[in-house]
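Just below is one structure, and these are the notes that go with it.
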């Protein structure tokens with residue numbers, strides 16, 4: 001089942017006295033926040049729909065002013081909350097790229113059909129993404145997300161087929 005909402009950031013602090021919050025973004029494209037009219041803030045395990053009034057930037061953080069959050073005290077109550085958007089509001093991805101949330105938990109097989117494990121995590125090493133594959137015993141395999149290694153991604157059938165190059169495992 002595909003994830004319905006995507007986390008795009010976490011409110012890490014307040015900023016100034018007019019109700020701005022500092023958001024640590026979980027996206028590479030910070031300007032993405034400017035395109036959003038509203039987001040969901042996860043507060044007490046509930047999704048609260050909040051309208052965005054203004055977006056600014058400070059270092060590598062996004063500063064957001066939500067409608068109805070008028071001062072430091074109100075903004076303080078949002079600290080630690082995660083910000084999500086609905087899948088339908090996510091950007092369309094280029095061909096052969098996927099949302100990390102859709103890849104986590106997908107079964108990974110070698111070209112001979114042997115199950116290697118499931119995608120446990122994905123991180124970026126500046127050159128390309130690295131897929132962390134973990135088997136039932138907790139053994140990890142790190143695979144670069146290159147065309148040479150990742151041969152087929154079939155999210156609908158919960159399956160990734162990889163070509164294991166000598167030295168990878």
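Readers should treat all values here as calculations from the given coordinates under stated rules, not as data from a laboratory. Predicted model only: the values in this text are computed from it and were never measured. Note: ideal-geometry Cβ built from the backbone for every residue, glycine included; neighbour counts use all protein chains shown.
Packing, as the average of other Cβ atoms within 10 Å across residues, places the peptides 10-22, 33-45 in the order 10-22, 33-45, highest first. Computed per residue of the chain from DSSP H runs no shorter than four, each worth -39500 (n - 2.57), the mean residue ellipticity at 222 nm is -1000 deg cm²/dmol.
For the pair residue 96 and residue 12, a Förster radius of 35 Å applied to the C-beta separation gives a FRET efficiency near 0.60, rounded to the nearest 0.05.
Just so you know, the Rg over Rh for the stretch 76-160 is 1.04, from Cα atoms, with Rh as the Kirkwood radius. Computed across the stretch 1-139, the Kirkwood radius stands at 16.9 Å (inverse of mean 1/r, all Cα pairs). The per residue volume of the convex hull around the alpha-carbon atoms of the stretch 15-87 is 89 Å³.
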